[in-house]
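Worksheet: one structure, shown below.
The values are calculated or read from the model by the stated rules, or taken from the named source; none is laboratory data. In this text the structure is predicted, and so the values were computed from the model without any measurement. Ideal geometry is used to build each Cβ from the backbone, glycine not excepted, and the neighbour counts take in all protein chains shown. Ligands, DNA and RNA are stripped out before the accessible areas are found, and what is left, the full protein with its side chains, is counted by its heavy atoms. Shrake-Rupley method; radii C 1.70, N 1.55, O 1.52, S 1.80 Å.
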Amino acid sequence: MEQDFYRDRLAAHGLDVLVPDAPGRALVHRVIYEELCLGLVREESRAAYRHVIADLVASGAEGVILGCTEIELLVSEDDSPVPVFPTTRLHAEAAVSAALWAAPTRPSPAATGCASAPPRTGRTRRAPSCPNRSAPQQWSWTPSSGTGKCSTPWN
């Protein structure tokens, strides 16, 4: 929390960053390393985290970043009067979203039946699995439809 990893990046987007006071930071670190990392989830620690969150809200916080994987084991939206941002979940959701909903990219040659990587310059290349091994193989890609295919120049 004392480092600028989040603070600078969030400030660059116009957000003011508040961190717990020194005793609050010490409590957060102690619970993470002496309890949560050991698989211990204690109600008294949840209550202490709620107190740290309440102090931040009293200072003007409008949301709480759960910036350590283990904190999500202890604190949820139910423990905070303001929105919480569980970074582990948010990163995982963003990765899945990027993988599933990204702009069309070239499919892998294996997915289309080609045995070799498509030439990026549009040149022909013979592939070992091409039906006519003596014929050059051409990879064509249609970005608008998101499809690609292997073919010989004459089919």
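Any chance the stretch 50-57 includes a residue that's acidic (Asp, Glu), in contact with a strand residue (DSSP E or B) (Cβ under 7 Å, 6 or more places away or on another chain) and surrounded by 13 or more Cβ atoms within 10 Å (Cβ to Cβ)?
Of the residues in the stretch 50-57, the ones acidic (Asp, Glu) are 55.
Checking which are in contact with a strand residue (DSSP E or B) (Cβ under 7 Å, 6 or more places away or on another chain) leaves us with none.
Looking for residues that are acidic (Asp, Glu), in contact with a strand residue (DSSP E or B) (Cβ under 7 Å, 6 or more places away or on another chain) and surrounded by 13 or more Cβ atoms within 10 Å (Cβ to Cβ), one finds none in the stretch 50-57, hence no.
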Checklist entry - Here are some residues: VAL57, VAL41, VAL52, VAL19. Which one is under 16 Å from VAL82 (Cβ atoms), of a type in the set (A, V, I, L, M, F, W, C) and part of a loop (DSSP other than H, G, I, E, B)? => result VAL19
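Here are ASP21, ASP16: which of them is under 24 Å from the mean Cα position of the chain (by Cα) and either open to solvent by 60 Å² or more (accessible area, probe 1.4 Å) or modelled with pLDDT of 95 or more (or both)?
On the way: ASP21 fails: under 24 Å from the mean Cα position of the chain (by Cα).
Exactly one residue qualifies, and that residue is ASP16.
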Next on the checklist: I need a count of the residues in the stretch 78-93 that are surrounded by 11 or more Cβ atoms within 10 Å (Cβ to Cβ) and assigned to a helix (DSSP H, G or I).
Outcome noted: 8
